[in-house]
Amino acid sequence: MAGSDTDVIGALRELLGAENVVTGTDALAPFETDWRGLVRHPAIAAVTPRDTAAVAATVSACRAQGVAVVPQGGKTGMVAGGVPAPGRRQVVLSLSRLDRIRAIDTVNDSITVDAGCILQNVQDAAAAADRMLPLRLASEGSCQIGGTIATNAGGTQVVAYGSMRHLVLGLEVVLPDGRIWDGLRGLRKDNTGVDLKQLFIGSEGTLGIVTGACLTLLPRPGGQVAALVALPSVEAAIAAFVAIRHPLWTVLTSIELFSDDGLRLVLDHVPGARAPFASPSAYYALIELSVHTGDAAPARETLEEAIAGLIEDGTVTDAIMAESETQRLAFWRLRESVSEAERAAGGSLKHDVAVPISALARFIGEVHGIVERVAPGARPNIFGHVGDGSLHVNIRPPEGVALRDFARDGAVTRAIEDAVMAFGGSISAEHGIGQTKPDSLPRQKSEVELALMRTLKAALDPLDLLNPGKLLPKSGIDAIDTGETPQKA
Ligand code: FAD
Ligand code: 2HG
Ligand code: ZN
């Protein structure tokens, strides 16, 4: 039975206390608007429960009132997954007050945290125990553990440590019917049937709300070596990666690419950013080694020798080794500021793609052809995680054209997605599908895959209460006969 908005707000206030229930157009604005400023759709209220029991009670109350729940983390997602989609009455459930580090076990090398902990705070807690949580993203000062699990975040060290999926040992999850699943085990081996936590990792808050996580820790690197190299082309970047990855296999933790277009954006929009090289190159790669045991000098020497060889054969045109921690961090600031700078410059059509590393250079060649053919004058800003075959192919509109107008007919995106498919790639390497890409999903997933995803959604959330309008194509949940009717606005 659907309650009125006043009923819903009343029930939530009674449950959580009025101070944890946000209402009113202005106060709700930050809960309704995504990082990119692409969408804003209304919520009845936003709530900030304090613990797992309060999250479960909120979900049950919303279910009883017939309103949907949008799980929200740090709101740094790139596909508007953590803010309301149109078409449903909904409440935003922010995890931000679930921010406790529950336990650190330095024998098990694991950390157990509330899902609302900010990633950087968990990294700091691990460092204080002389350990490392090896997930690193430019958004780490704002994104939450629950958000990184729900999106299976990648970032800049996947080449060495894998994505978030590889770091999760156990989860605590509130299910769409309000039950709590306690799977918060700190085990590296557990073959007692289906690995249920995998259902929730990467499912973007559509199957459950993560409230706690047990994550694996690693030893803290004793030394880090960084080099910034200038490259004439993407082909050269891949050749450089291939040349260094095996000799430096045990210590290579990042190889990140950005173009001169990206660097210009950073220099124009980020205060204090300085051009690293005297003259521009088409691309730059930031290479980082992390040495866990012993002296970093031999690894540095191997990298220097490899780069010298690459300069000799023309693959690399210039290179700078970081001589201090300040310089290493300055290199990272250039790379990690590209998104922020691009947003400040008006934003782009984002394509967060992966193709096999062996196809990357041909794919990027194809992208340039598409831009010339379909959108002459548009400005590609290509950057990302070259060692994973994962790149952000962001296309800025031609000078003087508004992003909304440029985006309208979708021709560039369709052509880029066609190229991704032709190369056997993925239309979302790391950001997810959210509410900006569900209609593209059937281009990549077979009917069988889509049907399996819909079956899981219907089994766990037959009323489509959790994060409606996200991930599955629009007809998704409605296409299934569950015997229960989804509650529509
Ligand atoms: P939100 O944006 O709040 O939500 C993201 C999704 O997760 C939504 O669908 C939401 O409903 C769901 N969700 C959130 N919390 C929970 C929960 N507790 N339980 C269930 N569902 C939940 N991403 C990368 O992968 N790699 C990068 O290198 C990277 N770099 C970035 C750099 C910048 C500058 C920015 C702004 C973003 C970047 N991102 C990157 C994207 C973003 O930071 C990640 O997707 C991150 O994982 C989102 O976390 P969040 O807490 O902000 O989640
Ligand atoms: C990165 O790699 C992020 O910096 C953000 O994934 C990408 O802004 C983007 O498109
Ligand atoms: Zn990225």
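The values are calculated or read from the model by the stated rules, or taken from the named source; none is laboratory data. Owing to the predicted nature of the structure, the values given are computational and were not obtained by experimental measurement. Glycine gets a Cβ as well: all are built from the backbone with ideal geometry, and neighbour counts include every protein chain shown.
Just the residues that are among the β-branched types (V, I, T) and either away from ligand 3 (no atom under 16 Å from the Cβ) or touching a Phe, Trp or Tyr at 6+ places or on another chain (Cβ under 7 Å) (or both), please, taken from the stretch 64-82.
Residues satisfying the conditions are V67, V69, V70, T76.
As an exercise: evaluate G73 against (1) at pLDDT 95 or above; (2) more than 30 Å from A344 (Cβ to Cβ) and give the number of the one condition it does not meet.
That leaves (2) as the condition not met.
Show me the helices (runs of 4 or more DSSP H) found entirely inside the stretch 83-178 where at least 3 residues are more than 16 Å from ligand 3 (Cβ to nearest atom).
Because the criterion is at least 3 residues that are more than 16 Å from ligand 3 (Cβ to nearest atom), the helices (runs of 4 or more DSSP H) in the stretch 83-178 that meet it are 119-128, 145-150.
Here are the criteria: (1) part of a helix (DSSP H, G or I); (2) hydrophobic (A, V, I, L, M, F, W, C); (3) within 21 Å of the chain's Cα centre (by Cα). Tell me which single one V8 does not satisfy.
(3)
Report yes if P247 is surrounded by fewer than 19 Cβ atoms within 10 Å (Cβ to Cβ) and either in contact with a His (Cβ under 8 Å, 6 or more places away or on another chain) or within 23 Å of P356 (Cβ to Cβ) (or both), otherwise no.
yes
Among the residues of the stretch 431-446, which ones are of a type outside the set (S, T, Y) and not in a helix (DSSP H, G or I)?
Matches in the stretch 431-446: H431, G432, I433, G434, Q435, K437, K445.
Which condition does M78 not pass, out of (1) more than 11 Å from ligand 1 (Cβ to nearest atom); (2) assigned to a loop (DSSP other than H, G, I, E, B); (3) in contact (Cβ under 8 Å) with a residue 60 or more places away in the chain, if it passes all the others?
Every condition holds for M78 apart from (1).
Taking the condition of being over 17 Å from the mean Cα position of the chain (by Cα) and away from ligand 3 (no atom under 16 Å from the Cβ), how many residues in the stretch 417-440 meet it?
9
Check R362, R404 and return the single one that is more than 16 Å from ligand 1 (Cβ to nearest atom) and more than 15 Å from V234 (Cβ to Cβ).
Exactly one residue qualifies, and that residue is R404.
I want to confirm something. Restricting to the stretch 102-143 and keeping residues that are touching a Lys or Arg at 6+ places or on another chain (Cβ under 9 Å) and among the acidic types (D, E), which single residue is surrounded by the fewest Cβ atoms within 10 Å (Cβ to Cβ)?
It comes out as D130.
Among the candidates G17, G24, which residue alone is free of Cβ contacts under 8 Å to residues at least 24 places away in the same chain and under 30 Å from T112 (Cβ atoms)?
On inspection, the qualifying residue turns out to be G17.
Need the failing condition index for L171 against (1) under 20 Å from T76 (Cα atoms); (2) touching a Lys or Arg at 6+ places or on another chain (Cβ under 8 Å); (3) not β-branched (V, I, T), just the number.
Just one mismatch for L171, condition (1).
Just name the residue that is surrounded by the most Cβ atoms within 10 Å (Cβ to Cβ) out of those in the stretch 305-326 that are assigned to a helix (DSSP H, G or I) and free of Cβ contacts under 8 Å to residues at least 40 places away in the same chain.
I311
Name the residues in the stretch 292-315 that are touching a Ser or Thr at 6+ places or on another chain (Cβ under 9 Å) and aliphatic (A, V, I, L, M), would you?
Within the stretch 292-315, A296, A299, I311 qualify.
Can you tell me how many residues in the stretch 121-135 are touching a residue at least 24 places away in the same chain (Cβ under 8 Å) and either within 16 Å of ligand 2 (Cβ to nearest atom) or not hydrophobic (A, V, I, L, M, F, W, C) (or both)?
Number of matching residues: 4.
Taking strands (runs of 3 or more DSSP E) that do not extend beyond the stretch 203-265, which have at least 3 residues that are of a type outside the set (D, E, K, R) and within 16 Å of ligand 1 (Cβ to nearest atom)?
Once the strands (runs of 3 or more DSSP E) in the stretch 203-265 are filtered for at least 3 residues that are of a type outside the set (D, E, K, R) and within 16 Å of ligand 1 (Cβ to nearest atom), what remains is 209-216, 252-259.
If the Cβ limit is 8 Å and pairs must be 6+ apart or interchain, which residue in the stretch 374-393 that is over 16 Å from S428 (Cβ atoms) and of a type in the set (G, A, S) pairs with which residue that is in a strand (DSSP E or B) and more than 9 Å from ligand 2 (Cβ to nearest atom)?
So the pair list comes out as A375/I395; A378/I395; A378/R396; G387/L252; G387/S254; G387/I255.
Residue under question is R36, and the condition is that it be surrounded by fewer than 21 Cβ atoms within 10 Å (Cβ to Cβ), at pLDDT 95 or above and part of a loop (DSSP other than H, G, I, E, B); does it hold?
Judged against the criteria, R36 is a match.
How many residues are closer than 18 Å to N20 by Cα and part of a loop (DSSP other than H, G, I, E, B) when one looks only at the stretch 64-74?
Final tally of qualifying residues: 3.
Which residues, taken from the stretch 79-101, are out of contact with any helix residue (DSSP H, G or I) (no Cβ under 8 Å at 6 or more places or on another chain) and surrounded by fewer than 24 Cβ atoms within 10 Å (Cβ to Cβ)?
Within the stretch 79-101, A85, P86, G87, R88, S96, R100 qualify.
Surrounded by fewer than 17 Cβ atoms within 10 Å (Cβ to Cβ), farther than 26 Å from K457 by Cβ and within 15 Å of ligand 1 (Cβ to nearest atom): does that describe G155?
no
Give just the number: which of (1) closer than 27 Å to L403 by Cα; (2) in a helix (DSSP H, G or I); (3) within 16 Å of ligand 1 (Cβ to nearest atom) does W332 not satisfy?
Here W332 clears every test but (1).
State which residue is farthest from ligand 2 (Cβ to nearest atom) when the search covers only the stretch 327-358 and only residues that are closer than 22 Å to A239 by Cβ and surrounded by fewer than 19 Cβ atoms within 10 Å (Cβ to Cβ).
Among those residues, the one meeting the criterion is S358.
Would you be able to tell me the number of residues in the stretch 274-304 that are on the phi < 0 side of the Ramachandran plot and assigned to a loop (DSSP other than H, G, I, E, B)?
The qualifying residues number 13.
All but one of (1) part of a loop (DSSP other than H, G, I, E, B); (2) within 16 Å of ligand 1 (Cβ to nearest atom) hold for P398; which doesn't?
(2)
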